[in-house]
1. Could you look through segment 285-331, keep only residues that are of a type in the set (S, T, N, Q) and over 23 Å from the mean Cα position of the chain (by Cα), and pick out the one that is surrounded by the fewest Cβ atoms within 10 Å (Cβ to Cβ)?
2. Out of (1) out of contact with any strand residue (DSSP E or B) (no Cβ under 9 Å at 6 or more places or on another chain); (2) more than 19 Å from GLY441 (Cβ to Cβ), what's the single condition that is false for LYS422?
3. Looking at segment 46-68, can you tell me whether even one residue there is open to solvent by 70 Å² or more (accessible area, probe 1.4 Å), modelled with pLDDT under 50 and either in contact with a helix residue (DSSP H, G or I) (Cβ under 9 Å, 6 or more places away or on another chain) or outside any loop (DSSP other than H, G, I, E, B) (or both)?
4. Output the residue which, of all residues in segment 275-284 that are surrounded by 21 or more Cβ atoms within 10 Å (Cβ to Cβ) and of a type outside the set (Ser, Thr, Tyr), is farthest from the chain's Cα centre (by Cα).
5. Give the residues of segment 310-325 that are of a type outside the set (Phe, Trp, Tyr) and more than 19 Å from ASP288 (Cβ to Cβ), sorted by residue number.
6. For segment 393-417, give me the residue count where each residue is part of a strand (DSSP E or B), open to solvent by less than 30 Å² (accessible area, probe 1.4 Å) and modelled with pLDDT of 90 or more.
7. Select from segment 92-142 the residues that are in a loop (DSSP other than H, G, I, E, B), at pLDDT below 85 and open to solvent by 60 Å² or more (accessible area, probe 1.4 Å) and list them in ascending order.
8. Among (1) farther than 28 Å from LEU281 by Cβ; (2) hydroxyl-bearing (Ser, Thr, Tyr); (3) out of contact with any His (no Cβ under 8 Å at 6 or more places or on another chain), which single condition is TYR429 missing?
Amino acid sequence: MTKPIVALVGRPNVGKSTLFNRLAGEPLTIVDDVPGTTRDRIFADAEWLENHFEIIDTGGIDPTSVSRSLEPLSIGSAEYVDQIREQALLAVREADVVLFITDATSGVTPADTEVANILRKNQKDVDGKRVPPVLLVVNKADSQRYRDQALQFYELGLGDPIPISALHGTAIGDLLDLVIAHFPQGSEVEDDDSVKIAIVGKPNVGKSSLLNKLVGEERAIVSPTAGTTRDAIDTHLVFQDIPITLIDTAGIRRRGKVIPGVEKFSVLRSMRAIERADVSLLLLDASDSLSAQDTHIAGYIIDAWKSIVVVVNKWDAIEKDNYTMNQYTEYIRKELNFVDYVPILFISAKTGRNVDEVLPLALQVQEERLARLTTGQINRTIQRAQDAHPAPAHGGRALRMYYGTQVRSDPPTFMIYVNDPKLAHFSYYRYLENEIRKDYGFIGTPIHIVMKARR
């Protein structure tokens, strides 16, 4: 099962980002990058009393004014209200719990009332589908005076106001107790042993066209307009007697290109699709150079420990000679050097060229993901690697690897017992990974190596 999602909804300047950081347990904001592979932070993992969940900030929404950030898009006031309404509805549909954040210092505003009306009108089950609860959070209640003023928020009709201070951490524990109490409990999930393959990439690279070609019908709406697909669409089929679930997703744009509101939830859905997929098809546009966002998406997939196949679409749209494919392959390897183990396939979803190779390659990668090595195989590789290139010594001490074993597959995870894990530099982990791949492949699949001190 996927982790529950808690969505933060509210007008600007009520402290959503402060609460986001507080729940995440570290000073992250929605727009900050983190060390390593660059990630656009629109969500974060959180945990309370051994309950793991995800939090997402929907961005400030104010139905009473037009955001300056939307002025270049020529979106009028009425249309902006519609987007706000759709964003709130999407929060209700996608999240397991919605936190409606207000500000105790400013009291109930017209914007609060409008958003509350949107949320309250949708607190009804539709076709038996569970509608997540909305918790009314009154932030910036830093003193008794403001905690008393929180009572005025009863007029919003969303139940008991919950006064907190995200900045100082006041009553955050009480809030989290209420949040996890509203998570779905004991729900039966139908077993699904199909191979799940997500089609991900920037907008307008041909994801829906590829889906339609793979299933042989117009399952998804195809449009040359970037960002047509907003939902993650599941399509079930059987290929070579193997059940497969294809997941088409909305295009993932870089942070500066994400329209506040609806499109942030489209990105969320794409991220959830990656989380529940076994293999992700990273679709690139052959007629366009690789961008930072392409590497970001590859980073998302690796962070989720999922397998990758790089699929270069629109190969029919460029002029080619005998060297073009090799040159483009070298170019991709250079730009995506942190996933140099992934296979690359050149296709045209429009003409159908090489599309019949997509699913066989994805299934091959899935087999590699589930592969399991014997302890003897692992130890032979470890011994050979250590003999050929011992780890550098630190402080007069050298890393010694005693033995290793594969503790799980999906993804392949190896436990290596050593004298002191702190003596292993990141580069040595990468060296061991390359040596394992040299012997056993694991094409398109990340390898997780854990070193543990032997007692």
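1. Selected residue: ASN322.
2. Every listed condition holds for LYS422 apart from (1).
3. yes
4. Top of the filtered list is LEU284.
5. Within segment 310-325, ASP321, ASN322 qualify.
6. 5
7. GLN123, LYS124, ASP125, ASP127, GLY128, ARG130
8. Looking at each condition in turn, TYR429 falls short on (1).
The values are calculated or read from the model by the stated rules, or taken from the named source; none is laboratory data. Computed from a predicted model, the values in this text were never measured in an experiment. Here the Cβ is made from the backbone with ideal geometry for all residues, glycine too, and neighbour counts use every protein chain on show. When the accessible area is computed, the model is the full protein with side chains, heavy atoms only, and any ligands, DNA or RNA have been set aside. Shrake-Rupley method; radii C 1.70, N 1.55, O 1.52, S 1.80 Å.
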